[in-house]
1. For region 79-98, how many residues meet the condition of being small (Gly, Ala, Ser) and crowded, with 19+ Cβ neighbours inside 10 Å?
2. Considering only region 37-57, state which residues are among the charged types (D, E, K, R) and in contact with a helix residue (DSSP H, G or I) (Cβ under 8 Å, 6 or more places away or on another chain).
3. From the list Val161, Val133, which residue is of a type in the set (A, V, I, L, M) and in contact with a Gly (Cβ under 7 Å, 6 or more places away or on another chain)?
4. Examine region 64-83 for a residue that is within 13 Å of the chain's Cα centre (by Cα) and closer than 29 Å to Ser154 by Cβ, and state whether such a residue exists.
5. Looking at (1) among the charged types (D, E, K, R); (2) over 18 Å from the mean Cα position of the chain (by Cα); (3) under 22 Å from Gly69 (Cα atoms), can you tell me which one Arg147 breaks?
6. Scan region 104-119 residue by residue and report those that are under 11 Å from the mean Cα position of the chain (by Cα) and farther than 19 Å from Ala138 by Cβ.
7. Looking at Ala121, Ala106, can you tell me which residue is touching an Asp or Glu at 6+ places or on another chain (Cβ under 7 Å) and among the hydrophobic types (A, V, I, L, M, F, W, C)?
8. Can you find, within region 106-135, the residue that is surrounded by the fewest Cβ atoms within 10 Å (Cβ to Cβ) among those that are without any contact (Cβ under 8 Å) to a residue 24 or more places away in the chain and on the phi < 0 side of the Ramachandran plot?
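Only the coordinates and a few stated rules stand behind these numbers; no lab work does. The structure displayed is predicted, hence computed values, not measured ones. Note that each Cβ is placed from the backbone with ideal geometry, even for glycine, and that neighbours are counted across all protein chains shown.
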Amino acid sequence: MSTAVANDRLVKRFEKWDTDGNGVLEASDFQGEAARIAQNLGKSADSPEVQELHSAFQGLYEHLAQKAGVPGGAISREQFLAATGELLFKEGEASFNRALSPIVKALISLCDDNHDGEIDAREFQAWLSAVGVPVSQAGQMFQKVDRNGDGKLSEDELLQVVRDFHFGRLEVDLLG
């Protein structure tokens with residue numbers, strides 16, 4: 001995997017999360033992304049699952065702002081790339097999981113209609129649609145990421161997919 005692929009994906013992530021388009025990431029951008037996902041899933045803004053998603057995005061913003069040296073402040077594109085690059089390339093898998101696990105857990109809670117703690121193909125399609133991936137691609141993507149073929153995706157499997165995407169090993173973007 002090349003650093004260039006990872007950086008390109010991180011630039012796209014920055015642009016997607018900069019929901020107000022002002023060139024910096026602020027807490028309101030992360031809250032806007034959480035609200036957009038919840039709305040796309042047709043979930044009530046005051047539901048516990050949506051509140052969990054907002055909390056997870058807020059936690060990620062705070063983590064990245066701290067790493068960028070601007071606790072509670074605006075994160076520039078360069079600061080975002082440096083902070084996320086450090087998370088991906090220097091700190092390792094455990095650090096990556098700590099940062100992204102709350103978002104993956106919250107998305108599972110939002111999409112897990114049968115409450116089994118895992119995501120099946122139909123729930124996965126709803127997830128991808130909510131983050132802006134065309135529904136027509138969801139079935140193919142599920143087959144790619146369900147590596148053990150059990151028809152379900154656990155939190156660990158989903159975190160691996162997010163990591164693999166950012167490392168350029170997989171073309172499935174679970175965060176849209």
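1. Within region 79-98, the first condition is being small (Gly, Ala, Ser), and the residues that meet it are 82-83, 85, 92, 94-95.
In the following step, the residues that additionally are crowded, with 19+ Cβ neighbours inside 10 Å were identified as 83.
Adding up the residues that qualify gives 1.
2. Within region 37-57, the first condition is being among the charged types (D, E, K, R), and the residues that meet it are 43, 46, 49, 52.
Selection gives Lys43, Glu49, Glu52.
3. Numbers: Val161 fails: in contact with a Gly (Cβ under 7 Å, 6 or more places away or on another chain).
Of Val161, Val133, the one residue that is of a type in the set (A, V, I, L, M) and in contact with a Gly (Cβ under 7 Å, 6 or more places away or on another chain) is Val133.
4. Residues of region 64-83 within 13 Å of the chain's Cα centre (by Cα): none.
Within region 64-83 (the criterion being within 13 Å of the chain's Cα centre (by Cα) and closer than 29 Å to Ser154 by Cβ), the answer is no, since none of the residues qualifies.
5. Exception for Arg147: condition (3).
6. Selection gives Lys105, Ala106.
7. Values: Ala121 fails: touching an Asp or Glu at 6+ places or on another chain (Cβ under 7 Å).
Just a single option satisfies the conditions, and that option is Ala106.
8. Taking region 106-135 first, the residues without any contact (Cβ under 8 Å) to a residue 24 or more places away in the chain are 112-115, 122-123, 125, 134-135.
Add one more test, that the residue is on the phi < 0 side of the Ramachandran plot, and what stays is 112-114, 122-123, 125, 134-135.
Details: Asp112: 17, Asp113: 11, Asn114: 10, Arg122: 14, Glu123: 21, Gln125: 20, Pro134: 8, Val135: 10.
Residue satisfying both the conditions and the ranking: Pro134.
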